[in-house]
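The values are calculated or read from the model by the stated rules, or taken from the named source; none is laboratory data. Since we're looking at a predicted model, the values are computed, not measured. FYI the Cβ positions are ideal-geometry reconstructions off the backbone, even for glycines, and counts take in every protein chain you see. These area figures cover heavy atoms from the full protein model, side chains too; ligands, DNA and RNA do not enter into them. Shrake-Rupley method; radii C 1.70, N 1.55, O 1.52, S 1.80 Å.
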There are 4 protein chains.
Amino acid sequence: MISFLNDYSEGAHPKVLAALTDTNLIPTPGYGCDPYCMKAADIIRTRFACPGADVHFMVGGTITNMTLISASLRPWEAVICAKTGHINVHETGAIEATGHKVYGMDTPDGKLTPELIRQAMADNCDGKDEHMILPRMVYISDSTELGTVYTKQELTAIRQICLELGLYLYLDGARMACALTCAENDLAPEDFAQLCDSFYIGGTKDGLLFGEALVIVNDALKPNFRHAIKQRGGMLAKGRLLGVQFEALLQDDLWLELGRHAVHQAQILAKALRDKGYALYAESPTNQLFPIVTNEKLAELSRSVLFEVIAKPDTEHTVIRFVTSWATTDESIKALIEVL
Amino acid sequence: MISFLNDYSEGAHPKVLAALTDTNLIPTPGYGCDPYCMKAADIIRTRFACPGADVHFMVGGTITNMTLISASLRPWEAVICAKTGHINVHETGAIEATGHKVYGMDTPDGKLTPELIRQAMADNCDGKDEHMILPRMVYISDSTELGTVYTKQELTAIRQICLELGLYLYLDGARMACALTCAENDLAPEDFAQLCDSFYIGGTKDGLLFGEALVIVNDALKPNFRHAIKQRGGMLAKGRLLGVQFEALLQDDLWLELGRHAVHQAQILAKALRDKGYALYAESPTNQLFPIVTNEKLAELSRSVLFEVIAKPDTEHTVIRFVTSWATTDESIKALIEVL
Amino acid sequence: MISFLNDYSEGAHPKVLAALTDTNLIPTPGYGCDPYCMKAADIIRTRFACPGADVHFMVGGTITNMTLISASLRPWEAVICAKTGHINVHETGAIEATGHKVYGMDTPDGKLTPELIRQAMADNCDGKDEHMILPRMVYISDSTELGTVYTKQELTAIRQICLELGLYLYLDGARMACALTCAENDLAPEDFAQLCDSFYIGGTKDGLLFGEALVIVNDALKPNFRHAIKQRGGMLAKGRLLGVQFEALLQDDLWLELGRHAVHQAQILAKALRDKGYALYAESPTNQLFPIVTNEKLAELSRSVLFEVIAKPDTEHTVIRFVTSWATTDESIKALIEVL
Amino acid sequence: MISFLNDYSEGAHPKVLAALTDTNLIPTPGYGCDPYCMKAADIIRTRFACPGADVHFMVGGTITNMTLISASLRPWEAVICAKTGHINVHETGAIEATGHKVYGMDTPDGKLTPELIRQAMADNCDGKDEHMILPRMVYISDSTELGTVYTKQELTAIRQICLELGLYLYLDGARMACALTCAENDLAPEDFAQLCDSFYIGGTKDGLLFGEALVIVNDALKPNFRHAIKQRGGMLAKGRLLGVQFEALLQDDLWLELGRHAVHQAQILAKALRDKGYALYAESPTNQLFPIVTNEKLAELSRSVLFEVIAKPDTEHTVIRFVTSWATTDESIKALIEVL
């Protein structure tokens, strides 16, 4: 079986694992108050050109999202997202479990727009009716759950509407490395710090054992955030593990190199899919592909390939997902193309 | 500086790290549905003699406690613990953040007793007054936050009162390996499975990079627990890391060997403390010691030793904490004894 | 100004107020443990043919909904409703504030169907994927927020799908008296008890100062519900006020008489609207009407009539809402028709 | 049976009921946006000398406490109170259900002091340790649950420590009218507005059918509070009922007259108790008395008097509670004294 199931099937990139091994027996203070975390945070502040930002290292995406969002909102405030947004669909109601409504908007491609955000506000009387929730944050992902990416113009427009409407902008960068290295991208790392109130740089899906680096740019969201992390259960005792890994990942932009590899492999596959006449459910320039296959092909593929089933558009067809990663080999790609 | 700050200052025991390295590039399904987790769960079920138990691997203690407790209780139900209990003091109100009162009882030694549990129920009209919370679970730790341990007779008596009063019994085993290997212990691993509704085996403080193994024995607490883990943010994408580590830790009872070493080192230190005339705040037979030192000694020790300050019993004295671990060397012990 | 703003603009029906006055100085135990509440509960059990049901008297609709729903669900469970459902739109995220996702389905008329419920389950992998919420309850209203009602066949079909899919069925009867007395209705009070796990009989919108009677039919939802009421802040100290009022309202089916009056007045108005050529946004046979008016008419009506603005279907038109009540006079209806 | 069970056994004071009757059929907007609420709020602002305060009318004490406290705190923040405080003992964990720890301090008389508040902060590392909750509000009652009252000097001292430590001060005035009219009191209504960030004036226990007037003085606690009320289920549809009642209660200081009556009756009883040699569990100058009775007396009293049992100090004695109210007659007092 060849696996295109997801981008977290393997352990860590060898350089990351080596860093963990090298530092294994050096004693440090716990809970992220160690020199490795300090240094990794500094590297991030420099790389993203946000010298005043707070950086917190977290174990995974869901706990990062729920901690940041619940710490930013007052009880009656809500977060707007695409209906396909990870917090709306794949986190078992984690945001609601902290007390906040997730207000999902239908989108064709997993991307929010100024118009959709304005509509979400209007749907809730612009927060002026106390019988309705008060939207206060916009959640977007880059790349999105459908593999699509935001352009600089699009992200800037979202920023502007957020400023106009009094909304925080938070960006889930679980697959930021793939977004930044795809052909359609014109964003630079510093743009995220410039345009978002907070965002996270995904490590789990980019070669770490685990780990996401949450960057808080807006001063209003900074106070007591470590209390929030501890209360939500997200404070790692041996926090150093996160600092050590991120330091290795950021060294010489390894994070982008790994993202670029995943995108490259995926796009070879995308070309093959198009050449063979497959329709694609979403136009993804990154490392997730969503071909629509017949029932016969589905059965055939299942015999030799691991992948996820996404949707059943009709009784004859199925949307499936292939994901590549930093670890996807040329052999796997070739093998998959052969059976398509 | 020599560190007696805690038992999670280093990375992983070399055997654990080796297991991670050996399996690093083998692809597996995510979220704990991999062969390593399956195997480690089986080993635990065998070692603790609970073939029907559910085993879930979690990243850390706080998220384990909050997930298990909040998944076990209905909204108006509460958990009884010693006032010094970790959930009451050192988790930033994580249990309350899930909606439940923590009802802390004063204890001399960090240990609950049947009398204290009965008192906690009586304080709340035995759950019969709807204006008061309904206690429904007892939380204990072994070893406790003061380093003390339960005897088999004590734990059995607690079990009986829990059955009588309709209370679940949950045991936090963050330092179970030290408890089981200390001189005062007469409990065996299978006793925990026999006497508790749920308990966890601590890995973070016993030589893992991170990880706790939550064992759910009572069928009533099992349904949909993976939903609970995901919702609280505790589901690790590369869940295999937990299975791989626990498999290594359980191999040839390495977990007990590491606990035994920590206890051994601590008790050498305890003897030295007593010989030098220090009063001890708690009578701990395990790996945490709580000497009471004068202000002068405090200042002196601070120059060469890392430790935690626990309390100020009067203006002249301070209770401090020394913790040993699987990684504490003979040299450190000797060096500390010299400066005492 | 004549008011068609809502059905809670006045105080209580004179018979209800008289009952409060008559019993005012008789001392009783607090919190609903008084003879008036006992008697009113008995009358309800008889009138709805559910001798084994629990009846709890609550102050208002939102607290009734949030208490019942949050007491019925485990943390990761969610409630399905029409997108227009009161809990989804007009309760400021009260359900989410108790930790549960509200899963709203688009409907043409505010009514759920078996197909929509099945779709809601399918959207969430039928509760089998721990990364998604587990739908566990269906919330419907009769009449709905759009004034529409369920037929017996429709409600029975919903019941059957709920049984098939393991879902509780909860019915918000804030306007039950109007539903039961409209021309399209073929449900009897006992049908609600037969087909729902829980429902409430609205008093606030049917002539009480305040008050809703929550009926819990399913034994699984009964235990400790008074704890739930107290914890959510819904336990009235002088609970007798609810019993006294409901006893008066149920006497000689006054509740239905008041509902019938409201519906009658509304339907006179509906006929006038149709005769005058107004399009209606929803086909409501009950006491809420939703005419679509031009901007000129909107401005004109605003000068002499109080009503709510519901939506702006296009730049030229507005959907407004007229609501009648037990207190709506023939003069008001005549006056409104004149200015239409 | 004569009842000394509580101060909410009867309906409303006749003047309050008359006001409700007089205004019953006048239509008004809902949710507290009516002229009666506006006027009652103005009267309160004047009477308490806080022209800039926000006034919100609530149905009962528990929902007032939970709404104000949960709207004031960020998730990791906690509230300090006396261990006997209503929020800690008699609200079924309502505050914890909104996510916040209640930190109860042992007191001899139900009253907090600057020393106890400082200790509560020190117990939690003054909020500087992210592993512990951050106390952010002090909750006190006047009169307290033991019937005791604060002097102006005491309340001023609490205010000062709150300012010093960055704590909000919130006062539960469920029995404020009794506190203000007892012999030991030297506080005036305006002192509450001067010294507290928020407080509520109790109506339920002072002659209303129901109702508490929450006054928010501190600007930081004002924004979006109506969203909070709605979300927690506390917004009354016919909000006018609260305005109408409070207007009647405040007219000619009826509220204080009713409190004075309750206190007067209680203190006649207190003298009789002392004269007859009863020990009192608390020195209450207000309308709650806590005599300690023998088992024989307990049995005897139970035959003709309704009262609450508070505690069992030893096997031979019981602490019981007698409460008087605005409705307590001379005959009841005489009858009770006779059987003492």
Nearest-first distances (nm) between copies at residue C:166, label 7 Å from Cα via Cβ: 2.5, 4.4, 4.7
For segment C:1-84, with +1 on Lys and Arg beta carbons and -1 on Asp and Glu, the positive-most of C:14, C:69, C:58 along the dipole: C:69
Accessible area buried at the D-C interface, both sides summed, 1.4 Å probe (Å², nearest 100): 3600
Residue C:299 paired with residue D:152, simple spin-label distance in nm, labels 7 Å along Cα-to-beta-carbon: 5.9
Listed residues B:276, B:101, B:83, most fluctuating in chain B (Gaussian network, C-alpha, under 10 Å): B:276
Euclidean distance of C-alpha centroids, segment D:1-76 and segment B:1-57, integer Å: 58
Nearest residue to the symmetry axis between C and A, taken on chain C by its Cβ, in whole Å: C:96, 2
Placed amide H near residue D:169: partners under 5 Å, 5+ positions off or other chain: D:138, D:197, D:198
Solvent-accessible ranking of D:37, C:125, largest area first, probe 1.4 Å: C:125, D:37
Spatial separation of Cα centroids for segment A:87-159 and segment B:212-227, in angstrom: 34
Accessible surface, per residue, of the protein assembly as shown when the full set of protein chains is kept, probe 1.4 Å, Å²: 34
Using θ = phi - 60° and Karplus 6.51 cos²θ - 1.76 cosθ + 1.60, couplings along segment D:201-218 (whole Hz; Gly, Pro as x): 9, x, x, 4, 8, 9, x, 8, 4, 5, x, 9, 10, 8, 10, 10, 8, 6
Zone of residue D:306's modelled label, taken as backbone nitrogen in segment C:226-266 under 13 Å from a point 7 Å along Cα→Cβ: C:238-241
Residue-by-residue Karplus 3J(HN,Hα) for segment A:284-294, coefficients 6.51, -1.76, 1.60, Hz, glycine and proline x: 9, x, 10, 9, 10, 10, 10, x, 9, 10, 6
Antiparallel bridges, percent of DSSP beta bridges restricted to the protein assembly as shown (to nearest 5): 50
Extension gain (nm, one decimal) between residue D:218 and residue D:15, 0.36 nm per residue minus Cα-Cα: 69.8 nm
Carbon and sulfur %, accessible surface of segment A:53-192 computed with the full protein complex present, 1.4 Å: 50
Distance in nm between pseudo-label sites at residue D:126 and residue C:252 (7 Å out along the Cβ direction from Cα): 7.2
Segment D:140-233: C-alpha gyration tensor shape, a/c 1.5 cut-off, then a/b vs b/c: oblate
Calculated FRET efficiency for the pair residue D:264/residue D:39, C-beta based, R₀ 30 Å, to 0.05: 0.50
Inter-copy label distances at residue D:271 (7 Å, Cα→Cβ; nm, one decimal): 7.3, 7.5, 10.3
Chain B: C-alpha pair distances exceeding 35 Å, %: 22
Relative pair counts by distance (%), Cα atoms of the protein assembly as shown, 10 Å bins: 2, 8, 16, 21, 20, 16, 11, 5, 1, 0, 0
FRET efficiency for residue A:106 and residue B:119, using Cβ-Cβ distance with R0 set to 45 Å, rounded to 0.05: 0.20
Dipole magnitude of segment A:1-148, debye to nearest 20 (Cβ charges: Lys/Arg +1, Asp/Glu -1, about Cα centre): 300
Paramagnetic reach from residue B:49 in segment B:167-204 [backbone N under 15 Å; point 7 Å along Cα→Cβ]: B:186-196
Solvent-accessible surface (1.4 angstrom probe) belonging to residue D:129, in square angstrom, nearest 10: 40
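When a/c reaches 1.5 or more, the comparison of a/b and b/c decides; with that in mind, is segment D:1-151 rounded, prolate or oblate per its Cα gyration tensor?
The shape class here is prolate.
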Other copies of residue B:106: label-to-label distances in nm, shortest first, labels 7 Å along the beta-carbon direction: 0.2, 6.3, 6.3
Rounded accessible area of residue A:113 (nearest 10 Å², 1.4 Å probe): 50
Using θ = phi - 60° and Karplus 6.51 cos²θ - 1.76 cosθ + 1.60, couplings along segment A:78-94 (whole Hz; Gly, Pro as x): 10, 10, 8, 8, 5, 4, 7, x, 4, 5, 8, 10, 10, 10, 6, x, 4
Dipole magnitude (debye, nearest 20) for the protein assembly as shown, charges at Cβ of Lys, Arg, Asp, Glu: 0
Placed amide H near residue D:141: partners under 5 Å, 5+ positions off or other chain: D:172
Cα centre as origin, Lys/Arg/Asp/Glu Cβ charges: chain D dipole, Debye: 640
Computed accessible area, residue A:283, all protein chains, 1.4 angstrom probe, square angstrom: 110
Cα gyration tensor shape of segment A:86-164, rounded if a/c is under 1.5, else prolate or oblate by comparing a/b with b/c: oblate
Cut-off under 5 Å, modelled amide H: who pairs with residue C:105 long-range: C:81, C:82, C:83
